[in-house]
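Notes follow once the structure below has been shown.
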């Protein structure tokens, strides 16, 4: 077999999670996507004084929440990151569970991130309830919407993409604790990305009010109050993930840092719900 045919054969064997929301959540053109991410990061007004071990990042389209997501990613842009763990809630009616990818790469236009297969295998051994299944990953946008920033800033990092479908907080705490054990010698070079939007409401005023209540509870690490936000999806769709991170061995116990927020009011039609977006950092 000549080199060209060998390369083609190897490519066919690669399991790739191809983009499904390019041209919808972000530009389909690699050049246009790179330029938009560059502008968003340059425009993000934030001081780079903290070192964060985790961030909360919205998973709306770049048009809707890209400026808020950029605050989170710019806050970690100078860090030495080798592994990115992205945990998203499910926005579809999958059965309950923690879903890990079969794919070896997650791609967006012009870029790809290699899946950390060794860590995925270790997670599967850590808990028999975890499932390796690409179908949920092919239908979920909560990871893909974040990849444009991840690939732009840390193109050589490996990826651990996880979907938590209707998982309760104790199960998610166990997941974070397993990740902490697996990544023990790499934790200082690992970034946890908690994929979540904030409140969803019929009015801008109520969205702002509910998001502020969540922000207050999170900054004070008020777990009891945060539990109230873990119900009633799609509002605070990643609330359980955030709460579990706070209570897990991945967290340093330090108070989170609020980076910025806003709503989708200016982009939504009169009869559409208003979505809140916010970014936070968790000091290392």
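Data table
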| quantity | calculated |
| --- | --- |
| Which listed residue is buried (at least 16 other Cβ atoms within 10 Å of the Cβ), under 18 Å from the mean Cα position of the chain (by Cα), touching a residue at least 40 places away in the same chain (Cβ under 8 Å) and under 25 Å from residue 279 (Cα atoms), from 166, 111 | 111 |
| Verdict on residue 54 being in contact (Cβ under 8 Å) with a residue 24 or more places away in the chain, in a helix (DSSP H, G or I) and under 18 Å from residue 242 (Cα atoms) | no |
| Filter result for the condition that a residue is free of Cβ contacts under 8 Å to residues at least 60 places away in the same chain and within 17 Å of the chain's Cα centre (by Cα), over 236, 176, 229 | 236 |
| One residue from 196, 180, 158, 201 being surrounded by 16 or more Cβ atoms within 10 Å (Cβ to Cβ), at pLDDT 95 or above and under 23 Å from residue 273 (Cα atoms) | 196 |
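The values are calculated or read from the model by the stated rules, or taken from the named source; none is laboratory data. Given the structure is predicted, the values throughout are model-derived calculations rather than measurements. Cβ atoms come from the backbone with ideal geometry, glycine included; neighbour counts cover every protein chain shown.
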